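One structure below.
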Amino acid sequence: DAGVIQSPRHEVTEMGQEVTLRCKPISGHNSLFWYRQTMMRGLELLIYFNNNVPIDDSGMPEDRFSAKMPNASFSTLKIQPSEPRDSAVYFCASSNPGQGLETQYFGPGTRLLVL
Amino acid sequence: GESVGLHLPTLSVQEGDNSIINCAYSNSASDYFIWYKQESGKGPQFIIDIRSNMDKRQGQRVTVLLNKTVKHLSLQIAATQPGDSAVYFCAEILRDGYALNFGKGTSLLVTP
């Protein structure tokens, strides 16, 4: 089975540029989560979608971050403008309602470096 | 300037020995706990979970123990193998919640 798919796997950009991260959840999963992982703060939840609707975006750092889920099979996380402190690994995860909301399956992550 | 990173606790075990990784949580309202394994360059991978109405659950070579009295969770890995080398995270979810609250992680190093 294909797991959660994220692209790109690596992104290097310059400060001020727009960055778009993409995620395809596991087919049939109706919940999608974006996380950020840094050495300083560990894994942090940024935003959570259920049935394509954002339920909780309280973890989004600031207005420079935005996320969308136009359909059940695709989500984006956008940073505009990017800053060096945004450098981190960004994970997307999805969950299957049949297994219970809590069992989240993670993608391989996007490693973002903002210079 | 010098950056200060998060230094993960590290557990070093010999191949074939049993490993025990510990985790403390603070919220008595936590209802569900999960252990994840994260290998270098990969996303967290689900290992095993346990509900708050249980105190023990076993999987293949892994056992999770939950002590609600002292708010402590442990992951036991039997006959540890080199492929078990990774960072292990415990995560909790509050009752009626959805967000995983991850611990800081423990790095497990298996030596031959």
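Each reported figure results from applying straightforward, stated rules to the coordinates on display, with no laboratory input. Since this is a predicted model, take the numbers as computed values, not measurements. Please note: Cβ atoms are built from the backbone with ideal geometry, for glycine as well, and neighbour counts cover all protein chains shown.
Taking a quarter of the surface of the Cα convex hull of the protein assembly as shown, what do you get in nm²?
On the way: hull surface 53.4 nm².
Its Cα hull, projected and averaged over all orientations, spans 13.4 nm².
Here residue B:68 is the anchor, and the lysines within straight C-alpha reach of less than 18 Å, apart from those fewer than 8 places off in the same chain, are B:56. The alpha-carbon of residue A:24 sits under 30 angstrom from the alpha-carbons of these lysines, leaving out residues fewer than 8 places away in its chain: A:68, A:78, B:37, B:42, B:104.
For chain A, the alpha-carbon coordinates run over 42, 27, 27 Å along the three principal axes, in decreasing order. The Cβ shell under 15 Å around residue B:55 holds other residues with a net charge of +3, Lys and Arg each +1, Asp and Glu each -1. Once you keep just the Cα pairs under 8 angstrom separated by 6 or more residues, what percentage relative contact order results for chain A? Over chain A, the number comes to 37 percent. For region B:22-38 versus region B:89-112, the inter-centroid distance based on Cα atoms is 6 Å.
Under a Gaussian network description of chain A, with springs only between Cα atoms under 10 Å, the residue in A:42, A:59, A:28 that fluctuates furthest is A:42.
Dimensions of chain B along the principal axes, based on C-alpha atoms and rounded to the nearest Å, stand at 43, 41, 25, largest first. Remark: relative contact order (chain B) = 36 percent; criterion is Cα-Cα distance under 8 angstrom and separation of 6 or more residues.
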